[in-house]
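So the structure is just underneath, and the comments pick up after that.
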């Protein structure tokens with residue numbers, strides 16, 4: 001039994017909205033930028049940060065390129081009109097036979113990236129404060 005007083009026909013989506021992917025890419029860029037800003041102090045760490053940044057670039061660009069190839073080689077009927085982020089978040093997101101509210105699906109997808117991005121920022125700020133107090 002539904003808890004809604006008035007049943008609504010909400011749209012059901014099986015893909016994340018493209019802006020969710022853009023936000024995820026922005027959070028990865030924020031993580032890499034904060035790592036460079038706060039932890040690049042001598043010549044030895046720069047090589048490690050370069051490899052981590054390269055890994056993030058590959059992990060972001062490769063799925064994006066694959067999605068472009070998939071869109072190019074699928075029939076146009078599957079690509080319906082673009083849906084706004086507001087409409088997507090108000091709808092339902094289908095996950096393995098279950099349905100999540102769109103907002104909850106976005107939070108579930110982005111929360112780990114938010115945690116590590118802002119966690120890196122917080123650790124970097126503490127690192128700078130401790131280094132300044134030790135001098």
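The values are calculated or read from the model by the stated rules, or taken from the named source; none is laboratory data. Computed from a predicted structure; not experimentally measured. In this analysis, Cβ positions are derived from the backbone assuming ideal geometry, glycine residues included, and neighbour counts consider all displayed protein chains.
General remarks:
- Any hit, segment 69-85, residues being assigned to a helix (DSSP H, G or I), surrounded by 14 or more Cβ atoms within 10 Å (Cβ to Cβ) and in contact with a helix residue (DSSP H, G or I) (Cβ under 9 Å, 6 or more places away or on another chain): yes
- Count of segment 96-121 residues which are free of Cβ contacts under 8 Å to residues at least 60 places away in the same chain, over 14 Å from the mean Cα position of the chain (by Cα) and closer than 18 Å to residue 26 by Cβ: 1
- The set of residues in segment 27-58 being closer than 30 Å to residue 94 by Cα and surrounded by 13 or more Cβ atoms within 10 Å (Cβ to Cβ) consists of 27, 28, 29, 30, 31, 56, 57.
- When residue 60 is tested against (1) touching a helix residue (DSSP H, G or I) at 6+ places or on another chain (Cβ under 8 Å); (2) under 14 Å from residue 14 (Cβ atoms); (3) part of a helix (DSSP H, G or I), exactly one condition is not met: (2).
- Residue 125 passes every criterion in (1) surrounded by 11 or more Cβ atoms within 10 Å (Cβ to Cβ); (2) under 17 Å from residue 14 (Cα atoms) apart from (2).
- Qualifying position, being part of a helix (DSSP H, G or I) and closer than 25 Å to residue 18 by Cα, among 52, 126: 52
- Annotation note: of 93, 13, 39, 51, the sole residue that is more than 12 Å from the chain's Cα centre (by Cα), under 30 Å from residue 128 (Cβ atoms) and at pLDDT below 90 is 39.
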